[in-house]
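Here the structure is laid out as structure tokens; the discussion comes afterwards.
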Amino acid sequence: VLVASILFMGSLIGNPAMPAPNAAAAAQAAPRGVFAITRHPMMWGFTLWALAHALVMPTPGQIVLSATIAFLALVGSAGQDAKKARQMGDAWRHWAARTSFMPFARQVGGAAPWGDTIPRPHALFGGILLWFVATWAHGALGFMVAGIWRWTG
């Protein structure tokens, strides 16, 4: 879930997939940080969150919820690729050519350097903070105690 939080927080700044007036300009930037990992870091963050929750709490309800979230995130991001290609045209196609849908696919294939995948400070520190708060809130809200709080209580 920590990795999911970093992906999510990193996706909030400079994301060409966001509905913003400067999306085409953001698509011209070199993919760095979470965008060098995948062009859909928010959606992969949701998918990892769902997978982690299904593994930790494999009840029928949690599995259905997690599978639904992961399905919507992955199918939705594929649909977002098509929508952004229609809306942004060449700007999005250029972005898509320099990024990958699957995390780390360009690095494994040798098309991009691993050093580009180092999360930027807002992603790293924001993700860690989000993870701390979310895992603390688990116990505070009466759910299963999560994260480091399992060992501090």
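Here are a few things to note about the model shown:
- Label positions at PHE125 and THR68, each projected 7 Å from the Cα along the C-beta direction, are separated by 3.8 nm.
- Whole-percent carbon and sulfur share, accessible surface of the chain, 1.4 Å: 74
- Label-point separation, ASN22 to VAL133 (7 Å along Cα→Cβ), nm: 2.3
- For the chain, a Gaussian network of Cα nodes joined below 10 Å ranks ALA112, ALA91, ALA140 by mean-square fluctuation, and the top entry is ALA140.
- Segment 42-111 shape via C-alpha gyration tensor axes, a/c threshold 1.5: oblate
- Long-range amide H partners of ARG120 with built H, under 5 Å: VAL34
- Counting only alpha carbon atoms, the long axis of helix 60-88 and the longest principal axis of the chain meet at about 20°.
- Between 0 and 90°, nearest 10: helix 121-140 axis offset from the chain longest Cα axis: 30
- The residues of segment 32-142 have, on average, 55 Å² of accessible surface per residue, using a 1.4 Å probe with all protein chains present.
- Given 14 as the ceiling on other Cβ atoms within 10 Å, longest exposed-site-free region of the chain for chymotrypsin sites (Phe, Trp or Tyr not before Pro) in DSSP loops: 1-103
- Computed from backbone phi with θ = phi - 60° and the Karplus coefficients 6.51, -1.76 and 1.60, the 3J(HN,Hα) list for segment 106-120 is 5, 6, 4, x, x, 8, 8, x, 5, x, 5, 7, 5, x, 6 Hz; x is used for glycine and proline.
The values are calculated or read from the model by the stated rules, or taken from the named source; none is laboratory data. Remember, it's a predicted structure, so these values are computed and weren't measured experimentally. Counting neighbours? That spans all protein chains shown, and the Cβs are built from the backbone with ideal geometry, glycine included. These area figures cover heavy atoms from the full protein model, side chains too; ligands, DNA and RNA do not enter into them. Shrake-Rupley method; radii C 1.70, N 1.55, O 1.52, S 1.80 Å.
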